[in-house]
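Quick notes on the structure that follows.
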Amino acid sequence: MTATSSLAQTPAPGTPMLEAVDVAKTFQVSQGFMRGKKPLHAVNGVSLTVRQGEVLGLVGESGCGKTTLARMLLGLLDTTSGAIRIGGQPIAGLKRRDVARLVQPVFQDPYSSLNPRKSIGTIISLPLRVQGDGDEASWRKRVEEIMEMVGLARRLYDNYPSQLSGGQRQRVAIARALINKPRIVICDEPTSALDVSVQSQILNLLQELRRELGLTYLLISHNLAVVEHMADRVAVMYLGRIVEEASTATLFDTPRHPYTQALLKSVLTPEPGLGIPDTHLGAAYPNPLQMPPGCRFHPRCAQRLSQCDKIEPHPLRQADGFVECHLYQEPQT
Amino acid sequence: MSERILTVEDLRVSLPVPSGTLHAVQGISFHVDRGETVCIVGESGCGKSLTALSIMDLLPKRAQRTATRLELAGQPLTGVSERAMSDIRGNRMAMIFQEPMTSLNPAYTIGNQLEEAMLRHKRVGRRQARDRAIHLLERVGITAADQRLRQYPHQLSGGLRQRIMIAMALMCGPDLIIADEPTTALDVTIQAQILHLLAELQRELHMGLVLITHDLGIVARIATRVVVMYAGEVVESGPAEQIFNAPSHPYTRGLLECIPIPGRTERGGKLGTITGMVPSLVGHIQGCHFADRCPHVIDACRAGAVPLTEGARPEHHVRCIRSSELPTVLPNAAGANA
């Protein structure tokens, strides 16, 4: 229990809680019957740190590796190389159960992430059972407390997921994630499947819980308006790399990487008269099995330089983050 | 005077369910002129998709549809035989669905599926149909079009499939396109591209476009006019700038307060919410459908059916007896509804 005892108290704000150090994940993808396998570099040298009390937003298109990264951070998937540390300790030395005590997920679709044959009370108390929490008599009380905290009526204890609305189901998923008092919650598209009026309730709830319980969030979303609203810092991922990271204000006010600029441009804010923007991104998201040489973004980049298809850019420190782009690097001599 | 492409008057759709009759669409009216984009916006279950399907006459068999008028360019769509309807569908009006993977047939090539509608509706040979398919694939931004024709849907990405759906809808040069959440399954960058393309084609080909979505950002950017639906009814309709800059119905205002708007919403602040749940549409609702969730409700709201009345401007309609008393300030999520 060294893992949890060292985090018995809420760490000081700013303490690194979840760290990825040069993490990579390579899948071997079959090319078809009797054909060889090809490596797919889903995550390719990612380093990021989520600090106590903050919300780190992770954005990027589908297939960029955000979910693979999340699964490695949850300890659900081994890394091919690199290290993951939770509360300063290497994940490799922790048991699955200890990882689950510290990091919990909330997934996108509350329709498929809850077992339809278990009652709400059973679903929320499952982590207690898994962690071998001996004090069974207190379970019901603790479940009811957490239900109240996430805004679920106690009378729903014996109901089944099918009797609940989408918003209520997502509250169940949040209650289940929080019952063991984790330090870090990885929210993977927590509101994408919900109506806007329900989305705002869940976002408000996540903010309240963070303040009350001193939680740390990694928020994965393709909805940039939601990320801008929730996150303190934002990391932009493209084809397995983080290409830019900065504080929310810096990233949204002065995006540096051409990909970040294109992403922000494609956000449709409800302002009539502005029309649909032209993002100037080529249509095709590249096949990750055929990674472009040089900068992986160069085939879609409107500001490409002559070296972009030859030399891979490296992260360049900025005021409050970094950017990985030749535009900001000293020309090579 | 612009040409009227679609007229919908008092459209009603009901479905039998185990507990009675579900009144999914309860008398909605709107129209689309040539060259116009009308957005129908609302949350799940408000009846927006059934409205689309009932215009196309693609409702489930058990559903009942009635309308005092339902016309495509002056030609009635009610009381038409299935045969006559299938001459119109895919020919003079076409539909684009949310998930292109499920609306494309996995067993046929892209080429086959593109050509099919044209061979069915127009007196053309395979050669001509193929030429038009290639022309349209290029128009919707697909490279190596002749090779794509030989591919199957599963070989293409979601964005490409949706481009193909758009090309397919355009094959016969329709007067009207109905797009039901056409970009919901796509990434934001692809979404912007697809909508950009759709808006461009709509202008270029001078069609009518009905776009059904839950995304207010899309609506604001693409709509000429907006129809806001709630619980089977139109609660507000009007020009886009009216709906977004001076929304009059408490539901429209509530929706706009729920979404974080960069520059307007305080980062990390509390977002507005609409409390409660959508009422059941099985049986009859006395009075305003939104009454139980409305922050401005008074007894009179529940007294009887609330009519859609003329709003602040021509073409602006609101279904609320208190809309004129509500403050005219713009919705501002920060604190306005805390």
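Within the range B:284-295, none of the residues are within 20 Å of B:Gly217 (Cβ to Cβ) and either in a loop (DSSP other than H, G, I, E, B) or free of Cβ contacts under 8 Å to residues at least 40 places away in the same chain (or both).
Matching residues to (1) buried (at least 21 other Cβ atoms within 10 Å of the Cβ); (2) within 7 Å of chain A (Cβ to nearest Cβ); (3) modelled with pLDDT of 95 or more; (4) within 13 Å of the chain's Cα centre (by Cα):
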site	(1), (2), (3), (4)
B:Leu197	no, no, no, no
B:Leu211	yes, no, yes, yes
B:Val227	yes, no, yes, yes
B:Tyr230	yes, no, yes, no
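Results for (1) modelled with pLDDT of 95 or more; (2) within 22 Å of B:Ser157 (Cβ to Cβ), shown as yes or no for each residue.
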site: A:Asp22; (1), (2): yes, no
site: A:Lys25; (1), (2): yes, yes
site: A:Gly36; (1), (2): no, no
site: A:Val46; (1), (2): yes, no
site: A:Leu56; (1), (2): yes, no
site: A:Leu77; (1), (2): no, no
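Taking each residue of the range B:134-145 that is touching a residue at least 24 places away in the same chain (Cβ under 8 Å) and closer than 13 Å to B:Glu200 by Cβ and looking for partners that are outside any loop (DSSP other than H, G, I, E, B) and of a type in the set (Gly, Ala, Ser) with beta-carbon atoms closer than 6 Å, six or more apart or interchain, yields B:Val140/B:Ala167. Among the residues making up the range A:273-299, those that are under 20 Å from B:Thr184 (Cα atoms) and within 7 Å of chain B (Cβ to nearest Cβ) are A:Gly275, A:Ile276, A:Pro277, A:Asp278, A:Thr279, A:Leu281, A:Ala283, A:Tyr285.
Do we find that A:Ile174 is away from every other protein chain (no Cβ under 14 Å) and either part of a helix (DSSP H, G or I) or touching a helix residue (DSSP H, G or I) at 6+ places or on another chain (Cβ under 8 Å) (or both) in this structure? So A:Ile174 passes the test.
Residues to consider are B:His284, B:His249; find the one that is more than 13 Å from chain A (Cβ to nearest Cβ) and touching a strand residue (DSSP E or B) at 6+ places or on another chain (Cβ under 6 Å). The match here is B:His249. Residue pairs whose Cβ atoms lie under 6 Å apart, sitting 6 or more positions apart in sequence or on different chains, and linking a residue in the range A:200-225 that is of a type in the set (Gly, Ala, Ser) to a partner that is outside any helix (DSSP H, G or I), are A:Ser200/B:Leu271; A:Ser200/B:Thr273; A:Gly214/A:Thr10; A:Ser221/A:Glu189; A:Ala225/B:Pro260. Of the residues that sit in the range B:65-94 and are in a strand (DSSP E or B) and over 20 Å from the mean Cα position of the chain (by Cα), which one is farthest from B:Gly232 (Cα to Cα)? Across the range B:65-94, the extreme among qualifying residues is B:Gln75. Quick one: is A:Ser221 in contact with a strand residue (DSSP E or B) (Cβ under 8 Å, 6 or more places away or on another chain) and within 14 Å of another protein chain (Cβ to nearest Cβ)? The answer is yes for A:Ser221.
Is it the case, given these coordinates, that A:Gly167 is within 23 Å of B:Ala185 (Cβ to Cβ) and among the small types (Gly, Ala, Ser)? In short, yes.
Which residue is nearest to the chain's Cα centre (by Cα), if the candidates are limited to the range B:161-185 and must be at the interface with chain A (Cβ under 10 Å from one of its Cβ atoms) and crowded, with 24+ Cβ neighbours inside 10 Å? Ranking the candidates gives B:Thr183 first. Kindly indicate whether B:Gln162 is part of a helix (DSSP H, G or I) and touching a residue at least 60 places away in the same chain (Cβ under 8 Å). The answer is yes for B:Gln162.
Counting the residues of the range B:1-49 that are assigned to a strand (DSSP E or B), of a type in the set (Asp, Glu) and over 20 Å from B:Val318 (Cα atoms) gives 1. Residues that are over 25 Å from A:Glu208 (Cα atoms), in contact with a Lys or Arg (Cβ under 6 Å, 6 or more places away or on another chain) and of a type in the set (A, V, I, L, M, F, W, C) within the range A:42-70 comprise A:Ala42, A:Val43, listed in sequence order.
Determine if the range B:266-281 includes at least one residue that is more than 14 Å from chain A (Cβ to nearest Cβ), surrounded by 13 or more Cβ atoms within 10 Å (Cβ to Cβ), farther than 30 Å from A:Asp253 by Cα and at pLDDT below 95. Yes, that holds for at least one residue. Please verify whether the range A:151-169 includes one or more residues that are buried (at least 16 other Cβ atoms within 10 Å of the Cβ), touching a residue at least 60 places away in the same chain (Cβ under 8 Å), part of a helix (DSSP H, G or I) and not hydroxyl-bearing (Ser, Thr, Tyr). No, the range A:151-169 contains no residue that is buried (at least 16 other Cβ atoms within 10 Å of the Cβ), touching a residue at least 60 places away in the same chain (Cβ under 8 Å), part of a helix (DSSP H, G or I) and not hydroxyl-bearing (Ser, Thr, Tyr). I'm trying to understand the selection: among the residues of the range B:199-209, which are in contact (Cβ under 8 Å) with a residue 24 or more places away in the chain and at the interface with chain A (Cβ under 10 Å from one of its Cβ atoms)? Passing the criteria: only B:Ala199.
The values are calculated or read from the model by the stated rules, or taken from the named source; none is laboratory data. What you see is a predicted model; the values in this text were computed from it and never measured. Cβ coordinates were reconstructed from backbone atoms using ideal geometry, including for glycine residues, and neighbour counts include every protein chain displayed.
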